[in-house]
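Here's the structure we're looking at; comments come further down.
The values are calculated or read from the model by the stated rules, or taken from the named source; none is laboratory data. Note that the structure is a prediction, hence the values are computed from the model and not measured. When we count neighbours, we look across all protein chains shown, and the Cβ atoms used for this are built from the backbone with ideal geometry, even at glycine.
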Amino acid sequence: MSDGGASPTITGIVTAFTEAEYERVPELVQRGLDEGLAAQTLLDEGLVADIREVGEMFRRGEVYLPEMMLGAEAWQAGMDVLEPLLRAEPQAEPKGKVVIGTVKGDIHSLGKNIVSTMLKTAGFDVVDLGTDVAASSFVTAAVDTHADVIALCALMTTTVPQQREVIEHLAAAGRRGDFFVMVGGAAASQAWAAEIKADGYGETAADAVALAEQRVGRGDRS
Ligand code: B12
């Protein structure tokens, strides 16, 4: 996590997560804003880095599921403070349409929600299908809404195969060429994206925006 050289408030947010003082998170995020820190900095260097650290502590057996749940709640409470500042005015002419969701069997929503917010901020029309979304539902939603891009989020090694499932469903429906399929989430990788022949992989929400822009900018919308 990136607390080297960070402001005392960001260091405070880091400590709130690692010391399980979760109730302090929204107040510290607000303090950061009052001190003039950018919402994006508080998100990237504070919240995102910290919830990942909670996940590492969980993996190492240093915290248990209830702490991870409390960490997720604190994350959302901090995000509630930041989100109005990250959200842009809706644009009259959307850049394109993105259908997004977390794949079947996977209820992790925080990263998907950031990607969704950042895409909206960048001017995309976003259809958010939520979490635990069946492959067939992605296909139906993309076809019905005339989407340009399908964004698939998967956080677990047990659920990431569902990203391939969506691509196979598209192919079976004869619609594979109609949509730019991008994959992300902690369980996905560049190599995985290549293996399943996805059109793009992004490590961050900013990558998701860049990929979606690349797609609509190329003018090969179907
Ligand atoms: C918070 C959390 C939870 C919360 C989720 C709350 C919520 N509403 O989302 C709770 C406590 C409910 C939870 C439950 C579980 N969890 Co959990 N969880 C996490 C944790 C700590 C953080 C995830 C997160 O929100 N990260 C922050 C966000 C911002 O990051 P992100 O999702 O990666 O998204 C960023 C990028 O990936 C990218 N991105 C995301 N999506 C997309 C999509 C596209 C297209 C692109 C381009 C980019 C992109 O942009 C985002 C912003 O930059 C992770 C640890 C980790 N390292 O990920 C474990 C983790 C994912 N969980 C894990 C596990 C095991 C579970 C449980 C099975 C635990 C249990 N025993 O019940 C359950 C799963 C239930 C289910 N069926 O899904 C494991 C998975 C291990 C594996 N098999 O791979 C992890 C890795 C923890 C660990 N180290 O063991 N979890």
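Taking the listed residues A49, A72, the one that is part of a helix (DSSP H, G or I), small (G, A, S), more than 18 Å from S109 (Cβ to Cβ) and within 11 Å of the ligand (Cβ to nearest atom) is A49, with no other qualifying.
Note on region 136-160: among residues that are touching a strand residue (DSSP E or B) at 6+ places or on another chain (Cβ under 8 Å), in a loop (DSSP other than H, G, I, E, B) and of a type outside the set (D, E), the one that is farthest from the ligand (Cβ to nearest atom) is H146.
Here is a list: K112, K97. Which entry is basic (K, R) and over 27 Å from V14 (Cα atoms)?
None of the others qualify; the one that does is K97.
Scan region 109-121 and give yes if some residue there is of a type in the set (D, E, K, R) and touching a residue at least 12 places away in the same chain (Cβ under 8 Å), otherwise no. There is at least one residue in region 109-121 that is of a type in the set (D, E, K, R) and touching a residue at least 12 places away in the same chain (Cβ under 8 Å). In this structure, is E213 touching a residue at least 24 places away in the same chain (Cβ under 8 Å), over 17 Å from F138 (Cα atoms), surrounded by 15 or more Cβ atoms within 10 Å (Cβ to Cβ) and acidic (D, E)? Yes. Restricting G105, G123 to residues that are more than 21 Å from F17 (Cα to Cα), surrounded by fewer than 20 Cβ atoms within 10 Å (Cβ to Cβ) and within 9 Å of the ligand (Cβ to nearest atom) narrows the list to G105.
Just so you know, in region 91-102 the residues that are over 22 Å from Q40 (Cα atoms) and within 12 Å of the chain's Cα centre (by Cα) include one that is surrounded by the fewest Cβ atoms within 10 Å (Cβ to Cβ), and it is G101. Return yes when D50 is farther than 12 Å from P26 by Cβ and touching a helix residue (DSSP H, G or I) at 6+ places or on another chain (Cβ under 9 Å) and no when it is not. Here the answer is yes, as D50 does meet what is asked. When the residues of region 196-215 are filtered to those that are outside any loop (DSSP other than H, G, I, E, B) and in contact with a strand residue (DSSP E or B) (Cβ under 8 Å, 6 or more places away or on another chain), the one that is nearest to V115 (Cα to Cα) is A208.
Contact annotation: residue pairs with Cβ atoms under 6 Å, 6 or more positions apart or on different chains, pairing a residue in region 165-178 that is touching a residue at least 24 places away in the same chain (Cβ under 8 Å) with a partner that is exposed (fewer than 14 other Cβ atoms within 10 Å of the Cβ), are D178/S222.
Of all the numbered requirements in (1) more than 28 Å from R59 (Cα to Cα); (2) more than 8 Å from the ligand (Cβ to nearest atom), V133 misses one, and that requirement is (1). A count restricted to region 23-46 and to residues that are more than 9 Å from the ligand (Cβ to nearest atom), closer than 22 Å to M118 by Cα and either assigned to a helix (DSSP H, G or I) or touching a strand residue (DSSP E or B) at 6+ places or on another chain (Cβ under 6 Å) (or both) stands at 12. Of all residues in region 168-195, which are within 13 Å of the ligand (Cβ to nearest atom) and either in a loop (DSSP other than H, G, I, E, B) or touching a Leu at 6+ places or on another chain (Cβ under 9 Å) (or both)? Across region 168-195, the qualifying residues are F179, F180, V181, M182, V183, G184, G185, A186, A187, A188, S189.
Taking every residue in region 36-48 that is of a type in the set (D, E, K, R) and pairing it with any residue that is in a helix (DSSP H, G or I) and more than 14 Å from the ligand (Cβ to nearest atom), at least 6 positions away or on another chain, the pairs with Cβ-Cβ distances below 7 Å are E45/I10.
Kindly establish whether G111 is in contact with a Pro (Cβ under 8 Å, 6 or more places away or on another chain), crowded, with 18+ Cβ neighbours inside 10 Å and either assigned to a helix (DSSP H, G or I) or modelled with pLDDT under 95 (or both). Against the criterion (in contact with a Pro (Cβ under 8 Å, 6 or more places away or on another chain), crowded, with 18+ Cβ neighbours inside 10 Å and either assigned to a helix (DSSP H, G or I) or modelled with pLDDT under 95 (or both)), G111 does not qualify.
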